[in-house]
Every structure is written in structure tokens, then in C-alpha cells.
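Okay, structure first, notes after.
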Ligand code: ADP
């Protein structure tokens, strides 16, 4: 049977996460947009409903006003017709004045400017004479009044009565409102026009009464709330002269208007729902804008996505660093192991005749074994510190002794690269520290100095005391550390990036172990330029005792 193996391209978890993040962002955007449009259309329909209520109220009020105005006009002018009945002389103007007072009484209204109009007038349509009370209006004003009112009356389909709004200057200096009625003679022919001139606000009090008289919105919606707690209403002319305003100027978010017929002066009733009660008229209230919420959520999603991407990048970097570490460790292990094997086999084969050759081989095996030990120690220390499982055994150390022990142990490794080791240690220096930790710190620094410095160089170890702190410095004659890298190299897996590639292989954990062990002693580390070029790695540890003699070559502190 033929078996078919499909070799598909493996998708890395990173790309999968990236695709998922983009998808999540796209879905969030789509959901956000959808929520936004839904809220907008909900809001638009709610606003539409509120504007509809406003238009209902405007229409209702306009009807109330027309009906009541008709009643008022009938009350005022019917008496004229009753008096006259189409025969004899036209009734006198006084009757209109008396009737206006009756109206005020009837409506229990002070109506000062309605009770005392600026003038009463009568236009005789037969002989075109106009008389006015008081008779202070000049002939020009009278004829202009007669022209305007007669023209208005002629233009109306219903010619019985009417309101004419006159802007300032067209009759008097201020805007005026003319109210008139037609007196019919025999055979329903228009015989005369009776009327009076007031300021535009003359009906204000009556309009206010009619505003509160009955609900302008269906009580099923508004409950028992009075009109003025729900609505603002104004009545004004086309040229914006106000006859009545139910309150202070109002916001027109939910507003509508109704224009009365021409016989009522084309007055405009504008109604607006008070924004603070709009929510009460709509079940569930007026929806608030969701934009800030949606934008915040999108920003959070974006923030989380970016954080995840950063994390991903960091993990990739770590993975790469770990790979470098593993290959570095393998390389570091392989070289000494090969040496140990080779020289052990030589010894075993008996080919080495002289004692000197045998001693040299043993020396190499010893040296490489030490290097292996140091490497393994570093890795163990590194893994222990990652698990926070480091126990220090603090004891009082003789610094000069500990340092020279380490130097002596390290000498074979140094001489393999013809490196001379020197030390300048103040006499009598003591330190409270962990012996193994201090040795490992020094070994790592020495190892780096030899590894990265040139053959034949001199590596110097200095120890001195500054206050109660011990300063231990390892100087080499190598390339030194660029300023920009001086902080980074103390972190795990980090190696110098810039400049020519440093020849030596490494694991990138030597200095991290140094920093960790010194940190456990509450000390600090830094690197600076050595006086003769090269690098000076400095370790400062608390707990120093003994000599306070100035060190032979003072080490100037400059943080790396
Ligand atoms: P490793 O030596 O295994 O790479 P370390 O943590 O000991 O790791 O050192 C980190 C890096 O610091 C090294 O890779 C090297 O680039 C740089 N370095 C350390 N010591 C020296 C030195 N004495 N001279 C020049 N560069 C050094």
C-alpha cells in the first residue's frame, strides 16, 4: 500500500499569535463600528421621536392660540356689529375700548398694553376715511395704517378678522401689532374695519395663560407634569419680534415650529422639549454616546495587542539568546574536553618518554579540567540564581590570601596564552563574604581578561579599601568595553555587539553570574577604561576591614 506523507509548512506559534492579534483587532474594530452605528441610529430615532413631540406641542399650542384669539376677537368686535346691524352711522370706536376691558376682566388678566392700546382706529371702506383714537396719529401714519390693514384684509380668504405684525419703522418707531375686524353692511359687503394698535407683547399674558391651560403633549406620555416643566414655547413674528416666551432662551436640540395662517399674522410657534426631561419622555431614556467607551475599549485592545507583540519579540530574542547560549556552552565544553582526551590518550599510549613531557600533559589535563569545572560552576550558579536558591556562607576572609589562591589556580590557563598575572593587594585587608562566591567572581573576571585580551598581555588584580567597602579590580590590555555596552553586558546572554567580532566563543553568563553574586553581597559592579587601555572590571563589596593605606594605584570610580 502506498502511504502518502504530506509535508506541510509548519506555522510558528509567533506568526499564529500575530495573526490572532490582527484578527482580534479587526473583530474589535468591526464590533466597535457596529456598536457605534447601532447607537447612532438608536439615538437618531430617539431624537426623531423627541422632535416629533416638539412638533406635536407646537401644533397643539398654535391651535389653542388660534381658537382663543378668535374668541377674544369675537368678544371685542361682535359688540360693534350688534350695535350697528348694518344701518345708519358706523358705531363709535369707544365700543371697542370698552370691550377690550371686558376681555381682560373675563380672562382675569391685567393685560395693561391690551387694555390701553397705542391707538384705536376705524377705516370706512365706503368713503375711505380713517379715524383714530387718540387723534395724535398724523395723516401719513393714518393713511399708511389704512393701506396696510385694507391690503391685509383683502388678501385673506377669511376676511372677518386678522392680526398684522408691523416691523419697527413701518408705522411707528417700535414694532407694532395691529388687530382688526371687519364690520359687514347689508348683503354681507365689507363696510368698515375696526381695530387697535398695540406693542407686540400685548397678548403676552393671555398667551401665557393659554400655555398653562391644557396639556400640550399627550398625558399618556408626560403624566401629570405641567407644560412649562416639559417644554419651552415662543411665539414670534417672521422678523423675530417676540410676542411670548415661556422661559429663558432654550436649547433647540429637540425643537419644531408651526406657522399660523396669514390672518393670524403668520405668527410662528416654536416648541422645544427641555433636554433635561427628554429622557423621561422616551422609554429607556435618550441613549448616551458610546463613542468614548468604544474608543477606550479599542485603545485597550490596541495596547494589549502591542504589549503581546512586544512580549512575543522579547521571547524570540530570548529564544535566540538561549540558542546562542547552548551553542556557546557546547563549544566551551568541547575544546577542553578534546584537550583532556588527547593528552590522556598520549599518557595512556606510553609514547611520552620524558618525565617533562608527561608533566606537561598532566598540566594541560589539569588546566582544562579546571576550565571545565569553572564553566560547570557558572552554569550551576546561573541556574541556582534563576531559581533563587543561592545560599551564601559568609565568613571572614583574608583578601590577599583568597586572591592569590585564585590567581595561582588560574595561572596555568593564563600561561597557555602567555598572559602574565600581577596583583597589588593592600596588606591586612579582610572581608566578610562567601569564599566560593568571591573566588568565582574573580575567576570569571580573570577568564574574560585572558579570553578577550591579546596574547602576551599583563592582567593585573588590585584590591583596596574605600571606607568599609572593598574594591577589587581586574585590568587587562584588551579592546575594552564600548560605553554603550557597559550596562548591558552584565545581563544574561548579552555579549558585546559593536565593533569587530570578538574572537572568543562564550556563553554570555559569566558577567551575569558575577553581578548576581556581588548583588547577593549588597555590592555593585561596573566596568571602566583601564589606564593603559583595555578594560577594568570593578567589584565593590561591603564588609571590608583592615588596612586603610591608599591603594598603590588609586582606582577612579566611573560608572560603566
Ligand atoms: P562570555 O564571555 O561567555 O561571552 P560574559 O558574561 O563573561 O560572557 O561576558 C559578556 C561579554 O562581555 C563578552 O561576550 C564580551 O563581549 C564582553 N567582555 C567581558 N569581559 C571582557 C573583557 N575583559 N574585555 C573585552 N570584552 C569583555
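Any idea what angle helix 399-416 forms with the longest principal axis of the chain, computed on alpha-carbon atoms, 0 to 90 degrees, nearest 10? For helix 399-416, the angle is close to 80 degrees. Computed on the chain, with alpha-carbon pairs under 8 angstrom and 6+ residues apart, the relative contact order is 11 percent.
For the pair residue 174 and residue 315 in one chain, pulling the backbone fully straight at 0.36 nm per residue adds 42.5 nm over the alpha carbon distance.
Of 342, 260, the sequence from fewest to most neighbouring Cβ atoms within 10 angstrom is 342, 260. Take the Cβ atoms of residue 186 and residue 288, set R0 to 56 Å, and the FRET efficiency comes out at 0.25.
Applying 1/(1 + (r/R0)^6) with r as the Cβ-Cβ distance of residue 26 and residue 505 and R0 = 35 angstrom yields a FRET efficiency of 0.15.
With only the Cα atoms considered, region 308-369 has a convex hull volume of 60 Å³ per residue. What separates the Cα centres of region 205-251 and region 312-343 is a distance of 87 Å. As a proxy for reagent exposure, ranking 392, 25, 243 by other Cβ atoms within 10 Å from fewest up yields 392, 25, 243.
Please work out the C-alpha center-to-center distance from region 351-382 to region 514-547 and express it in whole Å. Using only Cα atoms, the two centres lie 28 Å from each other.
Report the relative contact order of region 232-367, percent, no decimals, based on alpha-carbon pairs under 8 angstrom and at least 6 residues apart. It would help to have the intermediate numbers written out before the result.
Details: 100 pairs, mean separation 18.9, N = 136.
Relative contact order here is 14 percent.
Per residue, how much space in cubic angstrom lies within the convex hull of the C-alpha atoms of region 383-510?
Working: hull volume 16.2 nm³, N = 128.
About 127 Å³ per residue, rounded to a whole number.
Divide the volume of the convex hull around the Cα atoms of region 312-467 by the residue count and you get 171 Å³ per residue.
With q set to 0.20 Å⁻¹, the log10 of I(q)/I(0) for region 218-301, from the Debye formula over equal scatterers at the Cα positions, is -0.94.
The ranking of 253, 38, 301 by Cβ neighbour count inside 10 Å, starting from the fewest, reads 38, 253, 301. Compute the long axis of helix 204-213 from its Cα atoms, compare it with the longest principal axis of the Cα atoms of the chain, and write down the angle in degrees, 0 to 90, nearest 10. Once rounded, the angle reads 70 degrees. Measure nothing but the geometry: give the 0 to 90° angle between the long axis through the Cα atoms of 291-349 and the longest principal axis through the Cα atoms of the chain, rounded to 10°. Once rounded, the angle reads 10 degrees.
Separation of region 159-197 and region 124-146, taken as the distance between their Cα centroids, equals 11 angstrom. Relative intensity of region 251-399 on a log10 scale, I(q)/I(0) at q = 0.08 Å⁻¹, equals -0.62, per a Debye sum over C-alpha point scatterers of equal strength in the absence of solvent.
Taking every alpha-carbon pair under 8 Å whose residues sit at least 6 apart, region 57-128 reaches a relative contact order of 25 percent.
Sketch the reach of a paramagnetic label on residue 208 as a point 7 Å from Cα along Cα-to-Cβ, and name the residues of region 223-249 whose backbone nitrogen lies under 18 Å away. Zone members listed by number: 226-236, 242-249.
In this calculation the C-beta distance from residue 71 to residue 295 is compared with R0 = 56 Å, giving a FRET efficiency of 0.45. Annotation for residue 139 and residue 366: the two label points, set 7 Å from Cα along the Cα-Cβ direction, are 14.6 nm apart. Taking 0.36 nm per residue of sequence separation and removing the Cα-Cα distance, the residue 416/residue 324 pair yields an extension gain of 30.5 nm.
Only Cα sites of the chain enter the Debye sum here, all with the same form factor; the resulting log10 I(q)/I(0) across q = 0.06, 0.11 1/Å is -0.59, -1.02, listed in q order.
Here, each number is a calculation from the coordinates, and none is a lab measurement. Model, not experiment: these values are computed from the prediction. Glycine also receives a Cβ, built like all others from the backbone with ideal geometry; neighbour counts cover every protein chain displayed.
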